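Right, one structure below, let's go through it.
What follows is calculated from the coordinates using simple rules that are stated; it is not laboratory data. Please read these numbers as outputs of a predicted model, since none were measured by experiment. Neighbour counts are summed over all protein chains in view; Cβ atoms, including those assigned to glycine, are modelled from backbone coordinates with ideal geometry.
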Amino acid sequence: MIDLTASLLPGDDHEFRREIRAWLSEHPRPTGEQLARRGLVAPHWPRPWGLDASPIEQLLVDDELRRAGVQRPTNPIGIGWAGPTIVMAGTQEQKDRYLFELLSGEHFWCQLFSEPESGSDLASLRTTAVRDGDEWVVNGQKIWTSRHSLRSTAYCLHAPTRVPTNITASRISSARCERPASRFARFAR
């Protein structure tokens, strides 16, 4: 099999490629945290979490990591869903608190979507979130999670309790829920 991607990418003399290769030679077995701090886990993300990498630069990062035998931390919900949401809409405090831990794999995120009698039909969500002082209390039951045994944080979809009847597009919200140390979280009060 011919690897056309590698043959179409800029060569070894490309400055960006040389920078990544030099860093990897200085860090031959980088930790998830080192990869995250260097911006190599999600290079397309804005700095300081990524490299603001172009599509070609993203492919160069992939190619150099492959050549060095280095794997990124795996955290598909954290990196693919929760992280971009926090980058675009989170407060600075939320970005500081969650993004590097999520990128490094220190905090593994899962999704909580499916409910009894609803499956993954988001139009029939029954789980709600109710404001209780400075916190939100999530009430309901989820019956399926992605990689729940590995996760430390969940990304839970719920229906808000007060929605204007003329607004249907904003009926679904999400909440971050931490896993108790001893067992999977129960979201019932």
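A dipole drawn for segment 37-140 from +1 and -1 charges on Cβ atoms has a positive end, and of Pro55, Pro116, Met88 the residue lying farthest that way is Pro55. A cut-off of 5 Å between modelled amide H atoms, ignoring neighbours fewer than 5 places along the same chain, links Leu112 with Tyr155, Cys156, Leu157.
With a cut-off of 12 Å between beta carbons, the residues surrounding Ile20 carry a summed charge of -2, where Lys and Arg count +1 and Asp and Glu -1. The magnitude of the dipole of segment 1-107, with charges of +1 and -1 set on the Cβ of Lys/Arg and Asp/Glu and taken from the Cα centre, is near 180 debye.
First select every other residue whose beta carbon is under 9 angstrom from the beta carbon of Pro43; then total the charges, Lys and Arg +1, Asp and Glu -1. With Lys, Arg at +1 and Asp, Glu at -1, the neighbours total -3.
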